[in-house]
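Heads up, the thing below is written out as structure tokens.
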Amino acid sequence: MIVRWVSAALLRGLVVGLLWTGLTQAAPEKLVYGAVAVVVGVGVSLWLLPPRPAVAGGGLPRRAAAVMRLGAWFFRQMVVGGVDVSLRALGPRSAVRPAVVRAPLRLPPGARREIALLLMNLMPGALVQAVITGEDEDREGSGHHHGWVEIHTVAESLRPEELWDRLVELTGALHR
């Protein structure tokens, strides 16, 4: 078990260190900040996504692929959403019509839920305003879920419920 934690910390430290080096262009005057950022980044990473035992069927490659899918989707949404929100705000006729929408939470308490909520708050034009927990029936009657997430959006046409559903799907794949 210790080997799993140490190897996870070293691998994540390498990734975060390379990311920091790339972002700062290996500036020597930022080395101290980089060391602190790497340690904090690895600590948060281990807290949110603790290393899991190896499973048959390639657990690490599958999780790495899930992380890459989530990252690619999230980056695309950031760019597309940022352009959309900018055009709405700067257009001759403002297409900003704030609304609050409600979507099934569908994630149990834990790291996956926290990651999904944090990433949703980083989406342009959307902000999680409330999480309502409970084992209520969902509106479609397809079973139980873990409550609701209320999302404040600059316009319902951004379809924040669909963004949330896809984010839940991608985040849920991180632990399979």
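Read-outs: derived from the displayed coordinates by stated rules, not from any lab. What you are looking at is a predicted structure, and each value in this text was computed from that prediction instead of being measured. Neighbour counts are summed over all protein chains in view; Cβ atoms, including those assigned to glycine, are modelled from backbone coordinates with ideal geometry.
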- Query: Given H placed on each backbone N at 1.01 Å, which residues far from ALA155 in sequence or on other chains put an amide H within less than 5 Å of it?
  - Reply: ARG97, ALA99
- Item | Cα-based Rg / Dmax (Å) for the chain | 18.9, 60
- How would you rank 18-29, 79-90, 118-129, highest first, on the average number of other Cβ atoms within 10 Å across their residues? 118-129, 79-90, 18-29
- Message: Just want the ordering: HIS146, HIS175, HIS152, from fewest to most Cβ atoms lying within 10 Å of their own Cβ.
- Response: HIS175, HIS152, HIS146
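By Kyte-Doolittle mean hydropathy of at least 0.5 and Cα axial length of at least 27 Å, which whole DSSP H helices of the chain are selected?
Numbers: long enough: 2-24 (32 Å, 1.46); 59-90 (46 Å, 0.63).
Both cut-offs are met by 2-24, 59-90.
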